[in-house]
Amino acid sequence: MFDRTSLHVALLLWGFIFSLIAALCMFMSKNFDKTKRKLLLALLLNCSLLLFGDALAWEFRGTPGTVAYYVVKISNFAVFFLSDSLLFFYHTYLCVCLFRGKKQIPRQRIIMVYGIAIIGMALVIASQFLNFYYYIDAHNFYHRNFLHPLSMFLPILGMIIDFSFVFQWRREISRQLFISLVSYMVLPLLAMILQTFYYGISLVNIAISISMILLFVVAMIEQNQNLAQKEKEAADLRISIMISQIAPHFIYNTLTSIQQLCDTDPKQAEETVGEFAEYLRGNLESLGLDRPVPFERELNHVKSYLAIEKKRFGDRVKTAYNIQEEEFLIPSLTLQPMVENAVKHGLCKKKGGGTVCISTKRDGDYVQIVIQDDGAGFDVNRKMDDGRVHVGIQNVRTRLKDMCDGTLEVSSTPGKGTQVVITLPQK
């Protein structure tokens, strides 16, 4: 017969399965905040074990035999212990959501909740020997003991302090995150009140499982929103890069040079038009790219740019190449802006100009690209501000990090030149 106990066990097992599936989804998720991912995974696994232990405790209660005795004893211990460890992980997750990156935090209250959770887990362990929370009788039935209210009071106290955090910092988090964080405190508390009138069903644990699923759902929603925002920012960045790379002053100067060459050297004017067209095409094609491109393509784009600048500045702009490795991918428009900075802020600001050298080499599991010039150099601690739109080093560094986990390092000495080193991991 499908009685109330069977229904109760079925509900607990369904909660266990849902929590386990959510934990698996969290484990397999990508592009997720690593710290939050680990904490949510711990919360969901903690919750699933709690529900499974509770289901075993109810299924085997009153069943005779030594095996049943140990199942009842271990499962009840798991329920009590995991309830306190759940508070520990939830509190950590809440602190990450509210306080990460902040200098002023309520340190004493934070430590207090950790202390409550740790004391609660220690008391559960002690109760296995002193039986002050509960005991298992000779017929394998669970019975509450005189200090059982303390096992409920400690998590409630921790949740009240956590609620004060969420309420105080509610304006700094999204509404959906606020609701999911509060649900862990409100739903179990309401279930605890109901359970005083309907003893025999683990309403609290079922409420906890619902709140954990809410936390998981909200985390996935926020992940998708963050990914959408990053994609939008990446698209905006590509547009800004393209616009900055075809800045009006460069177009005007190039067209003026072509105009002058039409009178003095029509053949060279024709070559410059072709190079300028190739340069513009490279910028326009890069607008729609959201993945790395072959290095050879980026290098050809750089050569088109340098060919135009050599037409304008003559011997003031010299180039050198030492390409030892070219079979790799690089985000589009990351090499060319660094070369442009070398020409504009290095060679053109030095009397007599200088040379910009581009070299590549493979070093184990990494490829290094070095852009070096012997121009004017600059103080790396001083922000460059020439009043014109140009691609910032930080923008290129961000794109390298986001698209291929690459790095960009700049070193420069005033009067001696600048070196930019791009390092790309090869997986």
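Close amide-amide hydrogen proximity is noted between VAL293 and ILE330, SER332, each under 5 Å apart and 5 or more residues distant or on a separate chain (H modeled in the peptide plane; Pro and chain starts excluded).
Dividing the C-alpha radius of gyration of segment 4-231 by 2.2 N^0.38 Å, with N its residue count, gives 1.05. Computed over the chain, the per-residue total of -39500 (n - 2.57) for DSSP H runs of n ≥ 4 gives a 222 nm mean residue ellipticity of -22000 deg cm²/dmol, rounded to 500.
Phi-derived couplings, Karplus 6.51 cos²θ - 1.76 cosθ + 1.60 at θ = phi - 60°, listed residue by residue for segment 9-26: 4, 4, 4, 5, 5, 5, x, 4, 5, 4, 5, 5, 5, 4, 5, 5, 4, 5 Hz, with x used for Gly and Pro.
Spatially, segment 302-346 and segment 1-64 are offset by 58 Å when compared through their Cα centroids.
Given R0 = 60 Å, the distance between the Cβ atoms of ASN300 and ILE160 translates into a calculated FRET efficiency of 0.40. Dipole check for segment 1-137: with +1 at the C-beta of Lys and Arg, -1 at the C-beta of Asp and Glu, and the Cα centre as origin, the magnitude is about 980 Debye. The charge dipole of segment 246-425, taken about its Cα centre with unit charges on the Cβ atoms of Lys, Arg (+1), Asp and Glu (-1) only, comes to about 640 debye. Extension gain for the segment ASP402 to TYR366, taken as residue separation times 0.36 nm less the Cα-Cα distance, is 11.3 nm to one decimal. Placing +1 on the Cβ of every Lys and Arg and -1 on the Cβ of every Asp and Glu, with nothing else charged, gives the chain a dipole about its Cα centre of roughly 1080 debye. The residue among ILE258, LEU24, SER180 whose Cα reaches farthest toward the positive pole of the charge dipole of the chain, with charges on the beta-carbon of Lys, Arg, Asp and Glu, is SER180. How far is helix 107-130 tilted off the main Cα axis of the chain, in degrees rounded to 10, range 0 to 90? Tilt relative to the chain: about 40 degrees. Listed by chain and number, the aspartates and glutamates whose alpha-carbon sits under 16 Å from that of LYS73, ignoring those within fewer than 8 places in the same chain, are ASP54, GLU59, ASP137. Which log10 I(q)/I(0) values, to two decimals, does segment 246-425 give at q = 0.08, 0.15, 0.17 Å⁻¹ under the Debye formula with one point per Cα? Summing over Cα pairs of segment 246-425 leads to -0.25, -0.90, -1.15.
Exposure proxy ranking for TRP58, TRP169, TRP14, based on other Cβ atoms within 10 angstrom of each Cβ and starting from the fewest, stands as TRP14, TRP169, TRP58. Put in line by how crowded their Cβ is, counting other Cβ atoms within 10 Å and starting with the fewest, TYR184, TYR135, TYR142, TYR279 read TYR135, TYR142, TYR279, TYR184. Here TYR90, TYR114, TYR321 are placed in order of increasing Cβ neighbour count within 10 Å, fewest first, which gives TYR321, TYR114, TYR90. Across the chain, counting alpha-carbon atoms alone, Rg and Dmax equal 32.3, 109 Å.
Here the Karplus relation 6.51 cos²θ - 1.76 cosθ + 1.60, evaluated at θ = phi - 60°, turns the backbone of segment 368-379 into coupling constants of 10, 10, 10, 10, 10, 9, 10, x, 6, x, 7, 7 Hz, with x for every Gly and Pro.
Relative contact order for segment 4-231: 22 percent, from Cα pairs under 8 Å spaced at least 6 residues apart, divided by residue count. One quarter of the convex hull surface built on the alpha carbon atoms of segment 79-205 amounts to 8.6 nm², the projected area averaged over directions. Here the 3J(HN,Hα) profile of segment 341-357, calculated from phi with Karplus coefficients 6.51, -1.76 and 1.60 at θ = phi - 60°, is 4, 4, 6, 5, 9, x, 5, 6, 9, 10, 4, x, x, x, 10, 10, 10 Hz, Gly and Pro shown as x.
Ordering PRO155, PHE77, PHE89 by the projection of their Cα atoms onto the charge dipole of segment 64-174, which places +1 on the Cβ of Lys and Arg and -1 on the Cβ of Asp and Glu, puts PHE89 at the extreme positive end.
Of all DSSP-defined beta bridges confined to the chain, some 80% are antiparallel rather than parallel. Between GLN260, GLN324, GLN104, the GNM of the chain built on Cα springs shorter than 10 angstrom shows GLN104 fluctuating the most.
Against the main long axis of the alpha-carbon atoms of the chain, helix 248-264 sits at an angle near 20°.
Every number here is computed from the coordinates shown, using simple stated rules; none is lab data. Just so it is clear, the model here is predicted, and its values are computed rather than measured. Note: ideal-geometry Cβ built from the backbone for every residue, glycine included; neighbour counts use all protein chains shown.
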